[in-house]
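Student: Please see the structure below; I have some questions.
The values are calculated or read from the model by the stated rules, or taken from the named source; none is laboratory data. Since the structure is predicted, the reported quantities are computational estimates derived from the model, not experimental observations. Every residue, glycine as well, gets a Cβ built from its backbone with ideal geometry; the counts of neighbours run over all protein chains shown.
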Amino acid sequence: MTTSGPLTDDGLVQLLTPTGERVDHPDYTPRVAHLDDEALRGLWRDMVLVRRFDTEATALQRQGELGLWAQCLGQEAAQVGSGRALAPQDYVFPSYREHGVAHTRGLDLTELLRLFRGVDHGGWDPTDVNFHLYTLVIGSHTLHATGYAMGVQRDGAVGTGDPGRDTAVVTYFGDGATAQGDVNEALVFAAVNNAPLVLFCQNNQWAISEPTTRQARVPLAARGPGFGVPSVRVDGNDVLACYAVTAEALERARSGGGPTLVEAFTYRMGAHTTSDDPSRYRSAAEEDYWRQRDPIDRLTTYLTATGALTDAFRAEVEAEADALGERTRTFVRALGRPETSTMFEHVYATPHAVVDAERAWFEQYEASFAGGEQR
Ligand SMILES: Cc1ncc(C[n+]2csc(CCOP(=O)(O)OP(=O)(O)O)c2C)c(N)n1
Ligand SMILES: [Mg+2]
C-alpha cells in the first residue's frame with residue numbers, strides 16, 4: 001500500500017501471496033516443509049471454524065444474548081498460524097480477540113462467551129489448556145507473560161534440549177498496545193532477563209479509531225532492536241508465514257535464546273467491537289483493499305489449485321461449522337444468571353481474610369433485602 005512509515009508492506013515474510021501462490025523464502029520455507037496436505041487442510045478447517053464462531057457470536061450480541069463481542073474477522077491466519085506452531089507445554093497470555101489462538105489450544109470456543117455475556121469474570125481454567133484468561137486492560141498481560149516466562153526460566157524448563165520440557169511463553173497484543181508503557185516495560189524486562197517469550201503483535205492497523213500512524217513513525221517491528229529483541233515482520237494474512245516465523249521464535253525462546261518480537265501485519269476487517277462503527281473513521285476503499293487479502297481466501301485458492309481441498313472435505317467442514325454455530329447458540333441461551341456470590345470466587349488462589357469478610361458482609365446485605373420483602 002505504501003513504502004514508508006508504519007504502513008509499509010515491504011519486507012514482510014510471505015510464503016503464500018494474496019492470490020494464493022506459494023513463494024519461497026530461504027529462512028522460512030524449511031519451517032513449513034513438513035506440513036503435508038492433511039496439515040494444510042487442518043489449518044484451513046481451523047480458520048473456517050473460527051470465522052463461523054466469530055460470526056455467530058456477533059449475531060448473538062445483536063440479538064441481545066451477549067453484552068459485547070470483539071471480532072477476530074480477518075486475523076484468523078495470524079492466530080491459527082501462530083497457535084498451531086505452539087507445543088502443548090507452551091503458555092499463552094492473550095488479550096481479548098484471540099479466539100483463533102484459543103481454538104488451537106483446544107479450548108472449546110463456547111467457553112469464551114461467559115465473559116462476553118457477563119456471567120463470569122473469566123470462563124475457563126487457564127491451566128487446562130495453557131491459555132490464560134482474556135485481558136481487557138491493554139498491554140498489562142504482556143508484563144504478566146514476561147514474569148511467567150522468567151518463572152519458567154527459573155524452573156529450569158528452558159534450554160534442556162528435551163522437546164517435551166523446554167517451554168516458551170507467548171503474549172498477544174495489538175498495534176495500539178505498543179504505545180502503552182506496559183508493553184515497553186515488558187520488552188525491557190524480557191530482553192535483559194533473556195526471558196523465553198514471544199511478543200506477538202497483531203498489527204490490525206487500528207486501535208479502535210486510532211490508525212497505526214498515530215502509534216508509530218516506523219514499522220512496529222523496528223522497535224524491537226532498540227530493546228535488544230530480535231524482530232520479524234510477517235504477512236499476518238498468510239497462515240504459513242505466521243506458522244513459520246512463530247516456530248522460529250518459539251525455538252529461540254525454548255532453547256534459551258531469549259525473546260522475539262513478531263509483528264503480524266494484518267487487518268481488522270470488522271468493527272473494533274460490537275459497540276463500534278468503523279464507517280465513521282475509515283474508508284470503504286481501505287476495507288475493499290483488505291477484503292482482497294482475506295486470509296482464508298488465499299489458502300482456499302492455493303489448496304484448490306493443488307487439489308488438496310476437495311469438495312467432499314469442504315462439505316464436511318461446512319457441516320461441522322453449522323453444528324458449531326448451533327451449539328454456540330444453544331450454549332449461550334442456556335447460560336443462567338450466576339449467583340452474585342460467585343464474584344468472590346477465584347479472587348485469590350487460596351482463602352483470603354479480606355475476601356471472606358467482604359463475602360460475609362455481602363451475604364448479610366442481600367439477606368436484609370429478603371427480610372424487607374417479607375415485611
Ligand atoms: C489501559 C487501557 N487503556 C484504554 C483501554 C480502552 N481500549 C480498549 S481496546 C483499545 C484499543 C486497542 O487497540 P490495539 O492494541 O491495536 O488492539 P486491537 O483492539 O486493535 O486488537 C483501547 C484504547 C483499555 N482497555 N485499557
Ligand atoms: Mg489494533
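Student: I want to confirm something. Restricting to segment 265-293 and keeping residues that are within 11 Å of ligand 1 (Cβ to nearest atom) and small (Gly, Ala, Ser), which single residue is farthest from the chain's Cα centre (by Cα)?
Tutor: SER275
Student: Let me ask another. Regarding segment 207-219, can at least one residue be identified that is assigned by TED's automatic domain parsing to the domain that holds LEU43 and away from ligand 1 (no atom under 15 Å from the Cβ)? Even if it seems obvious, please write down each step before you answer.
Tutor: Our first condition is that a residue be assigned by TED's automatic domain parsing to the domain that holds LEU43; within segment 207-219, this holds for 207-219.
Then drop every residue that is not away from ligand 1 (no atom under 15 Å from the Cβ), which leaves 217-218.
Checked against the condition, which is being assigned by TED's automatic domain parsing to the domain that holds LEU43 and away from ligand 1 (no atom under 15 Å from the Cβ), segment 207-219 yields at least one hit.
Student: Within the group THR301, THR246, THR328, which residue is outside any loop (DSSP other than H, G, I, E, B), more than 16 Å from ligand 2 (Cβ to nearest atom), more than 22 Å from the chain's Cα centre (by Cα) and among the polar types (S, T, N, Q)? Before you say what the answer is, go through the steps one by one.
Tutor: On the way: THR246 fails: more than 22 Å from the chain's Cα centre (by Cα); THR328 fails: more than 22 Å from the chain's Cα centre (by Cα).
Just a single option satisfies the conditions, and that option is THR301.
Student: Select, from ALA190, ALA195, ALA149, ALA145, the only residue that is more than 12 Å from ligand 1 (Cβ to nearest atom), part of a loop (DSSP other than H, G, I, E, B) and in the same structural domain as ASP235 (by TED's automatic domain parsing).
Tutor: Working: ALA190 fails: part of a loop (DSSP other than H, G, I, E, B); ALA149 fails: part of a loop (DSSP other than H, G, I, E, B); ALA145 fails: part of a loop (DSSP other than H, G, I, E, B).
When all the criteria are applied, what remains is ALA195.
Student: Give me the residue from segment 162-178 that is near ligand 1 (Cβ under 8 Å from one of its atoms) and either at pLDDT below 95 or hydrophobic (A, V, I, L, M, F, W, C) (or both) and, out of that set, nearest to GLN79 (Cα to Cα).
Tutor: The first filter runs over segment 162-178 and keeps only residues near ligand 1 (Cβ under 8 Å from one of its atoms), leaving 173-178.
This time we only want the ones that are either at pLDDT below 95 or hydrophobic (A, V, I, L, M, F, W, C) (or both), so: 173, 177.
On the way: PHE173: 11, ALA177: 17 Å.
Filtering segment 162-178 for residues that are near ligand 1 (Cβ under 8 Å from one of its atoms) and either at pLDDT below 95 or hydrophobic (A, V, I, L, M, F, W, C) (or both), the one nearest to GLN79 (Cα to Cα) comes out as PHE173.
Student: Of all residues in segment 54-94 being small (Gly, Ala, Ser) and under 14 Å from PHE116 (Cβ atoms), which is surrounded by the fewest Cβ atoms within 10 Å (Cβ to Cβ)? First the steps, then the outcome.
Tutor: So in segment 54-94, the residues small (Gly, Ala, Ser) come out as 57, 59, 64, 67, 70, 74, 77-78, 81-83, 85, 87.
Retained after the next criterion (residues that are under 14 Å from PHE116 (Cβ atoms)): 57, 59, 64, 67, 70.
Details: ALA57: 28, ALA59: 15, GLY64: 7, GLY67: 13, ALA70: 25.
By that ranking, first place goes to GLY64.
To keep it simple, each residue is scored yes or no on (1) over 17 Å from the mean Cα position of the chain (by Cα); (2) surrounded by fewer than 18 Cβ atoms within 10 Å (Cβ to Cβ); (3) more than 27 Å from ASN184 (Cα to Cα).
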site	(1), (2), (3)
ASN130	no, no, no
THR135	no, no, no
HIS141	no, no, no
HIS144	no, yes, no
GLN153	yes, no, no
GLY156	yes, yes, no
GLY159	yes, yes, no
PRO163	yes, yes, yes
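Student: Here's a follow-up. Being under 30 Å from LEU15 (Cβ atoms) and surrounded by 12 or more Cβ atoms within 10 Å (Cβ to Cβ): is that true of VAL262 here?
Tutor: Working: under 30 Å from LEU15 (Cβ atoms): yes; surrounded by 12 or more Cβ atoms within 10 Å (Cβ to Cβ): yes.
Against the criterion (under 30 Å from LEU15 (Cβ atoms) and surrounded by 12 or more Cβ atoms within 10 Å (Cβ to Cβ)), VAL262 qualifies.
Student: Taking the conditions exactly as written (in contact with an Asp or Glu (Cβ under 9 Å, 6 or more places away or on another chain) and either surrounded by 11 or more Cβ atoms within 10 Å (Cβ to Cβ) or of a type in the set (Val, Ile, Thr) (or both)), does TYR302 satisfy them or not? Can you show your working first?
Tutor: Values: in contact with an Asp or Glu (Cβ under 9 Å, 6 or more places away or on another chain): yes; either surrounded by 11 or more Cβ atoms within 10 Å (Cβ to Cβ) or of a type in the set (Val, Ile, Thr) (or both): yes.
Here the answer is yes, as TYR302 does meet what is asked.
Student: To continue, here is another question. Identify, please: which residue in segment 175-187 is in a helix (DSSP H, G or I) and within 11 Å of ligand 2 (Cβ to nearest atom) and is, among those, surrounded by the fewest Cβ atoms within 10 Å (Cβ to Cβ)? Break it down into steps so the answer makes sense when it comes.
Tutor: Taking segment 175-187 first, the residues in a helix (DSSP H, G or I) are 176-179, 181-187.
After this cut, where a residue has to be within 11 Å of ligand 2 (Cβ to nearest atom) as well, the list is 176-179.
Details: GLY176: 22, ALA177: 25, THR178: 26, ALA179: 18.
Filtering segment 175-187 for residues that are in a helix (DSSP H, G or I) and within 11 Å of ligand 2 (Cβ to nearest atom), the one surrounded by the fewest Cβ atoms within 10 Å (Cβ to Cβ) comes out as ALA179.
Student: If you don't mind, another one. Only one of (1) among the hydrophobic types (A, V, I, L, M, F, W, C); (2) part of a helix (DSSP H, G or I); (3) more than 16 Å from ligand 2 (Cβ to nearest atom) fails for LEU309. Which number is that?
Tutor: Of everything listed in (1) among the hydrophobic types (A, V, I, L, M, F, W, C); (2) part of a helix (DSSP H, G or I); (3) more than 16 Å from ligand 2 (Cβ to nearest atom), LEU309 misses just condition (2).
Student: With (1) closer than 22 Å to THR167 by Cα; (2) within 16 Å of ligand 2 (Cβ to nearest atom) as the list, and ALA85 as the residue in question, which single condition is left unmet?
Tutor: (2)
Student: Shifting gears a bit: Exactly one of (1) at positive phi; (2) at pLDDT 95 or above is unmet by HIS346. Its number?
Tutor: The number of the failed condition is (2).
Student: With the requirement that a residue be away from ligand 2 (no atom under 16 Å from the Cβ) and touching a residue at least 60 places away in the same chain (Cβ under 8 Å), what does segment 188-205 give you? Steps first, answer last, please.
Tutor: Initially, segment 188-205 is screened for residues away from ligand 2 (no atom under 16 Å from the Cβ), giving 188-198.
Scanning segment 188-205 gives ALA190, ALA191, ASN194, ALA195, PRO196, LEU197, VAL198.
Student: Does any residue of segment 144-164 turn out to be within 16 Å of ligand 2 (Cβ to nearest atom) and farther than 16 Å from THR266 by Cβ? It would help to see each step written out before you state the result.
Tutor: Taking segment 144-164 as the starting set, the residues that turn out to be within 16 Å of ligand 2 (Cβ to nearest atom) are none.
No, because not a single residue in segment 144-164 is within 16 Å of ligand 2 (Cβ to nearest atom) and farther than 16 Å from THR266 by Cβ.
Student: Inspect segment 90-100 for any residue being closer than 26 Å to ARG41 by Cα, more than 16 Å from ligand 1 (Cβ to nearest atom) and in the same structural domain as ALA186 (by TED's automatic domain parsing) and give the result as yes or no.
Tutor: Applying the first criterion (closer than 26 Å to ARG41 by Cα) to segment 90-100 yields 90-92, 94, 97-100.
Of the ones still in play, those that are also more than 16 Å from ligand 1 (Cβ to nearest atom) are 90-91.
Now drop any that are not in the same structural domain as ALA186 (by TED's automatic domain parsing), which leaves 90-91.
The answer is yes; a qualifying residue exists.
Student: Which members of segment 206-222 meet the condition of being in contact with a helix residue (DSSP H, G or I) (Cβ under 8 Å, 6 or more places away or on another chain) and within 15 Å of ligand 2 (Cβ to nearest atom)? Spell out the reasoning first.
Tutor: If we filter segment 206-222 for residues that are in contact with a helix residue (DSSP H, G or I) (Cβ under 8 Å, 6 or more places away or on another chain), which is where we start, we get 206-210, 212-213, 215-220.
Correct list: TRP206, ALA207, ILE208, SER209, GLU210, THR212, THR213, GLN215, ALA216, PRO219, LEU220.
Student: Looking only at helices (runs of 4 or more DSSP H) that lie completely in segment 1-114, which have at least 2 residues being in contact (Cβ under 8 Å) with a residue 12 or more places away in the chain, out of contact with any Lys or Arg (no Cβ under 7 Å at 6 or more places or on another chain) and within 19 Å of GLU326 (Cβ to Cβ)?
Tutor: 37-62, 99-104
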